[in-house]
2 protein chains.
Amino acid sequence: MTAAEVVVFEHERLCEFSRRVFQHFGVGTAESEEAALILSQADLRGIDSHGIARLHAYSRMLNSGRINPTPEMRVVRETPGTATVDGDNGLGLVVGPWANRLALDKAESVGTGWVAVRGSNHFGIAGYYVLEALARDQLGWAMTNTTKIVAPMWGAERMLGTNPLAIAFPGLEEPPIVIDMASPAAAFGKVEMAIREGKKIPEGWAIDSSGQPTIEPEEMADGGAMLPLGSTRERGGHKGYCLGALIDILSGVLSGANWGPFTPVFTTDFEEPPRSVGVGLGHLFGAMRIDAFIEPLEFKRQIDDWIRTFRKTSPAPGTDGPLIPGDPEREAESQRKASGVPLVSAVVSDLRAVSVMTGVPFD
Amino acid sequence: MTAAEVVVFEHERLCEFSRRVFQHFGVGTAESEEAALILSQADLRGIDSHGIARLHAYSRMLNSGRINPTPEMRVVRETPGTATVDGDNGLGLVVGPWANRLALDKAESVGTGWVAVRGSNHFGIAGYYVLEALARDQLGWAMTNTTKIVAPMWGAERMLGTNPLAIAFPGLEEPPIVIDMASPAAAFGKVEMAIREGKKIPEGWAIDSSGQPTIEPEEMADGGAMLPLGSTRERGGHKGYCLGALIDILSGVLSGANWGPFTPVFTTDFEEPPRSVGVGLGHLFGAMRIDAFIEPLEFKRQIDDWIRTFRKTSPAPGTDGPLIPGDPEREAESQRKASGVPLVSAVVSDLRAVSVMTGVPFD
């Protein structure tokens, strides 16, 4: 079996494996269930890098005591519409949902709620949190800072994470618009894939360790960096840098977490940051009750109209026209629910290692 | 005098001219003063496209009765932390500051305030609003939708505006980080400049009327469109499209304003949208009291550290290293306060036309 070979698994089975692994490490029953669900949602929605592929990293962090399986989350500062939460170094998959629910509760009471989180760890896909908001007729925002991998515009080294931002808008007859985007030009996972497949990467994705643009994925991996969205100054790369910076500051600085190059690593593979400037990793969750602004029925009708209007955009040559944000994930979900989740053999090997580490049977 | 020739003016004189022009059209005294100040800030900060260069467009809209000089802004829906404002078709430069102050007031009371605005018009630079927030030790957010000029990824026509987003973070000893960015790869103003100067535009900025990439600025201007940040699918252009879409929906749909291709024009030069789906143009203002999340002194110290850390990033070859968002505007401001605001002759001619239209002496 080569590294790029693929095996297909039923998503329920993967979810069950993750749940039992989290429980093995002492994570509570309900918490293990939700953490496994978040990974499973990533796998179903086709965001392979954030699904069960991360279980090995989480397991090693739990196994080495670098993540607290039973955190006591607490609110360290609070107003009617805001809070700052300390996640007690818990799994982001446990701390994130708790803090997100607090933001949603605050919005129930004063129209909008914003919760900054420190002392957390990698929280999975940002999209999970904003889909939770939709279920309560709210608009949810979720963002997090992450381990450094992206250079600022005109920089030659890793200073910012991939820092994703998610937000979702419900339709009435149409499925929701779900935006869940990282801030660099491309995901690091695509560079890893190019290495596995012996391919070049496109111009505009990365620089090498001297700061020169490169199309060799190994040169990026070996001390280079990914580029911000926009890639070059001429094409607006400073805007991608601004986007990464604002997510870093709102997630990291506002909460009292670490930020920028000091954001903690999410796997034991990476080198620890050179100094600590705060507590753990940070997130920001926002919630806005739709009916605090407009009649929800009217809002959803307009979103339907928005979706249908944008679907009717005349298509660029050689394309079927614009997608609606969330289309690719929805398509993956219906396919994978029916026919399973494909995992590359490297991930399967990692899961077998998790099985050996924990005694939870995998296959 | 050719179109590209430049004349330098004292910023106070330009500001005074704008103020008197707004007053001529019946805009109130205090409102005219703030509207002129917003244009003047754009000129000082080097955002030439959004300064007094827009006065001609505002004047023609006021002169033809398409903007209401004496709007009665009203809150149409409200919770402790949110509001929806109808701007009564006033100048965005009048409605925007009023709604932004409401967001800041709400944050004073419940920690955070979010105000959606409909029935407004072009509100000037987004950066103005977030600098107002800084003065009250709050983090301000400002966004607006604007006249269509940008194609969605894989689209061949104009569907979204340049939809800017601004946010600012105060330092203690360092000047603030001020992010004020539009969502396309490049500004339309740069295409206009290339036409004036007879130059090509870089790849990745624009498509022609058939949706093909073009480097001919005339082909973009003649029914083509600008591209979202990221430019191509491979380089993340779908993320730039998501960014433009989320600003459009939060500004336009959430407030009950027009959205996407139906967003009103800001000058009588452009064709009216094909249908109306809401009331005027929309904005969203957000405000977060820093002390609702963290000790403001600690926050500002960390921002100082953030700024100094990022300034020390090893520079990409051939550059002086990363800028801090807000650097270019601050540099322009100190230069232009000292030596004046350069206006191209096309703008000077427009201002003479405004002078003729209003009887307010220009020179």
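Based on C-alpha pairs under 8 angstrom that are at least 6 apart in sequence, the range B:136-259 has a relative contact order of 26 percent.
Exposure proxy for A:226, A:193: other Cβ atoms within 10 Å of each Cβ, ordered fewest to most, give A:193, A:226. Using a cutoff of 8 angstrom between alpha carbon atoms and counting only pairs six or more residues apart, the relative contact order for the range B:50-135 works out to 27 percent. Projected over all directions and averaged, the alpha-carbon convex hull of the range A:1-93 occupies 7.7 nm². The other copies place their residue B:212 label points at 3.5 nm from this one, listed shortest first, where each point is 7 Å from Cα along Cα→Cβ.
Largest GNM mean-square fluctuation across B:127, B:113, B:204, computed for chain B with C-alpha springs under 10 Å, falls on B:204.
Can you give the mean number of other chain Cβ atoms that lie within 10 Å of the Cβ atoms in peptide A:193-206?
Values: counts 0, 0, 0, 0, 0, 0, 0, 0, 1, 3, 2, 7, 3, 0.
Averaged over the peptide's residues, the number is 1.
Under the shape rule built on the C-alpha gyration tensor, where the axes satisfy a ≥ b ≥ c, the protein assembly as shown is prolate, since a/c reaches at least 1.5 and a/b is greater than b/c. Evaluated at q = 0.15, 0.19 Å⁻¹, the base-10 log of the normalised Debye intensity for the range A:160-219, with identical point scatterers placed on the Cα atoms, takes the values -0.58, -0.75. A point 7 Å from Cα along Cα→Cβ stands in for residue A:359, and the other copies hold the same point at 9.4 nm, listed in rising order. Taking the label point 7 Å along Cα→Cβ, residue B:223 and its counterparts in the other copies are spaced 5.4 nm apart, in ascending order. Classified by the C-alpha gyration tensor, chain B has a rounded form. Its axis ratio a/c, with a ≥ b ≥ c, is below 1.5. Under 19 Å from a point placed 7 Å out from the Cα of residue A:330 along the Cα-to-Cβ direction: which residues of the range A:7-46 have their backbone N that close? Once the point is set 7 Å along Cα→Cβ of residue A:330, A:41-46 turn out to lie under 19 Å by backbone N, inside the range A:7-46. Per-residue Karplus couplings for the range A:343-351, computed as 6.51 cos²θ - 1.76 cosθ + 1.60 with θ equal to phi - 60°, are listed in order as 10, 6, 4, 4, 5, 4, 4, 4, 5 Hz, Gly and Pro entered as x.
With both labels modelled 7 Å from their Cα along Cα-to-Cβ, the residue B:8 to residue A:218 distance reads 5.5 nm.
When chain A is treated as a Gaussian network with alpha carbon springs shorter than 10 Å, the biggest mean-square fluctuation among A:267, A:232, A:79 belongs to A:79. Rg and Dmax over the alpha-carbon atoms of the range A:53-161 stand at 15.4, 46 Å. Distance between the pseudo-spin-label points of residue B:203 and residue B:108 (7 Å out from Cα toward the beta carbon): 5.5 nm. Our coupling estimate for the range B:21-30, obtained by passing each phi through the Karplus curve with A = 6.51, B = -1.76, C = 1.60 and θ = phi - 60°, is 5, 4, 4, 3, 7, x, 5, x, 4, 5 Hz, Gly and Pro reported as x. For residue A:119, the residues whose modelled amide H falls within less than 5 Å of its own, excluding neighbours fewer than 5 places apart on the same chain, are A:87, A:258, A:279, A:280, A:281.
For the range A:142-154, 3J(HN,Hα) computed residue by residue from phi via the Karplus equation (6.51, -1.76, 1.60; θ = phi - 60°) reads 9, 8, 8, 8, 9, 3, 4, 7, 10, 8, x, 4, 6 Hz, glycine and proline entered as x.
Rounded to the nearest 500 deg cm²/dmol, what is the calculated helix-only ellipticity per residue at 222 nm for chain B, with -39500 (n - 2.57) per DSSP H run of length n ≥ 4? Mind showing how you got there, number by number?
On the way: 11 runs with 137 residues, N = 363.
Mean residue ellipticity at 222 nm (helix-derived): -12000 deg cm²/dmol.
Between the alpha-carbon centres of the range A:151-211 and the range B:66-87 there is a gap of 38 Å.
Under a 5 Å amide H cut-off, with hydrogens placed 1.01 Å from N, residue A:66 pairs with nothing among residues at least 5 apart or on other chains.
Taking the three principal axes of the alpha carbon atoms in the range A:221-309, the coordinate ranges are 51, 35, 22 Å, sorted in descending order. Taking a ≥ b ≥ c as the square roots of the eigenvalues of the Cα gyration tensor, an a/c ratio of 1.5 or more together with a/b no larger than b/c marks the range A:278-363 as oblate.
Simple spin-label estimate for residue A:339 and residue B:196 gives 5.6 nm between the two label positions (7 Å along the Cα-to-Cβ direction from each Cα).
Amide H contacts under 5 Å for residue B:172: B:304, restricted to partners 5 or more places along the chain or on a different chain, H placed in the peptide plane at 1.01 Å from N. P(r) for the range B:117-210, from all Cα pairs and a bin width of 10 Å, is 14, 36, 29, 17, 4, 0 %, short bins first. Of the GluC sites (Glu not before Pro) found in the range A:44-152, the ones in coil according to DSSP and having at most 11 other Cβ atoms within 10 Å of their Cβ are A:72. Go ahead and set up a Gaussian network model of chain B, Cα springs under 10 Å, then flag whichever of B:221, B:316, B:30 fluctuates most. Most flexible of the set in this elastic network: B:316.
Every number in this text was worked out from the coordinates using simple rules, so none of it is lab data. Note that the structure is a prediction, hence the values are computed from the model and not measured. Using ideal geometry, Cβ is built from the backbone for each residue, glycine included, and neighbour counts are taken over all protein chains shown.
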